[in-house]
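Before any comments, here is the structure.
The values are calculated or read from the model by the stated rules, or taken from the named source; none is laboratory data. In this text, all values refer to a predicted model and were calculated from it rather than measured experimentally. Here the Cβ is made from the backbone with ideal geometry for all residues, glycine too, and neighbour counts use every protein chain on show. Quick note on the areas: whole protein, heavy atoms, side chains included, nothing else; ligands and nucleic acids left out. Shrake-Rupley method; radii C 1.70, N 1.55, O 1.52, S 1.80 Å.
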Amino acid sequence: MTQSLLHQILDYANRANPYPIYEELRKTPVHHEEDGPYVVSTYYEIRSLLHDPRLSSDARNLASTTHDPLAESAQEEESALPPSFLRLDPPEHDRLRRMTNRPFGPPHSPHRVDGMREELHGIVSGLIDGIGDTDRFDLVDQFSYPFPVTVICRLLGVPREDEARFHVWADTIAASLDPDPSADPTERGKASHDARMQLGMYLAGLIEERRKNPGDDMLSELATLKSEDGTMTTMELLSTAALLLIAGHETTVNLVTNGMLTLLRNPDVLERLRADPRLAVPIVEELLRFEPPVQLVPQRTTLADIEVRGVTIPKGASLWLVLASGNRDPQRFEDPNRFDPDRKDIQHLGLGSGIHSCFGAPLARLEAQFALSELARRLENPRLLEDPPPYRQNAVLRGPRHLSIACDGIGP
């Protein structure tokens, strides 16, 4: 019996290359199976829906008759804390996002991200210096995973001596986002719950400390913020800090790893980047189109009947927007299956769009640019040892779980 397209998307056997499935999916731009979600796969329709106020990010608006395994698992993951602004609609979403943005970006903090350049360079250099055996090393475990967690720690103001504990919690929570048929679900759930509780207690203590003795870090500013939107409660602060950690960490791991995998598969582009680090900017933009770290956005619910390409999606339905499919839509991008950093027209969906566009996009871009340009510059004759590599189980946050690489040496 042939698997439905929905099951094929979720099937781990297709994780290394889901793009033929997306190509099939685009033949029916609005795809629906029985009581499951409506799946939209074409560029212009996805972009329009991302800006449509009739779409909700709040799972409480989902009709009880709809079955959506991705939305249900996300609700379970976040049950320990109130929903982050990622899972809310205006006006609550707008209030919390505005408050979070004050210490992060323009107009109130225009230099927060750009001011981290020297620190980012130092973290990247330190991780590359620590690679050790160049006959075989795992880019994910030794570089892509520790890099964004360390950055988030510095951004929030986690003391250096506590960063190791933070890494352990982040790794445990990150592992829980991936389905694992071989693991005991009870033990796995307990490990994730315990890590979230320990992280929450730690952050609660750090927030109280920052309220008494604020520094120049982002958590201090959020903890002491008084604005036209009021102040954040401790629970809102905890949800926001957890969102910054998990969303900011997971997407950047995949962006860097997918990026290095793509460069190793395109050695001519890797050589160009080695010779000219400025190419990191267009390379990262093309990567966000070609191999986006977030493949699809599942947690959307219709607040009214919406017609898309002749199909009426009823109120209360679950909606999946397959960003990675839209990014390879030939109706929007010429020769979409070719990795081309010289592409001129690159309005990709890799960081979303609309009110829920990626909050950490400026930092994610900068992290990936530093990471890939330094890896290209310092790794001598790097090569893949396994292609395709083993992927994570997650169909939403798609990326290699390990990326085994060898090189002839590490330059200064």
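Side notes on the structure shown:
- Accessible area per residue in Å² at 1.4 Å probe, computed on region 274-372: 37
- Leading residue at positive end of dipole, the chain (Cβ point charges), from Pro159, Trp169, Val281: Val281
- Region 167-255: C-alpha gyration tensor shape, a/c 1.5 cut-off, then a/b vs b/c: prolate
- Added length on full extension, which subtracts the Cα-Cα distance from 0.36 nm per residue, Asn101 to Ala406: 105.8 nm
- With R₀ fixed at 56 Å, the C-beta to C-beta distance from Arg309 to Lys212 puts the FRET efficiency at about 0.50.
- Anisotropy class of region 103-162 from Cα gyration tensor, a/c 1.5 cut: prolate
- Shape category assigned to region 272-345 from the gyration tensor of Cα positions, a/c cut at 1.5: prolate
- Mean-square fluctuations from a GNM of the chain, with a 10 angstrom spring cutoff on Cα atoms, peak among Pro293, Pro106, Pro330 at Pro106.
- Reachable lysines from Lys212, criterion Cα separation under 20 angstrom, eight or more residues apart if same chain: Lys226
- Computed lengthening from His32 to Asp335, 0.36 nm per intervening residue step minus Cα-Cα distance: 106.3 nm
- Listed residue (Leu351, Pro388, Asn254) projecting farthest to the positive dipole end of the chain, Cβ model: Leu351
- About the Cα centre, charge dipole magnitude for the chain (Lys/Arg +1, Asp/Glu -1 at Cβ), debye: 760
- Spin-label model distance (nm) - Asp135 vs Ala275, 7 Å beyond Cα toward Cβ: 3.3
- Derived scalar couplings ³J(HN,Hα) [region 226-233; Karplus, 6.51 cos²θ - 1.76 cosθ + 1.60; whole Hz; x for Gly, Pro]: 10, 9, 4, 8, x, 10, 7, 6
- Distance (nanometres) between label positions extended 7 Å along Cα→Cβ at Asp52 and Tyr12: 3.4
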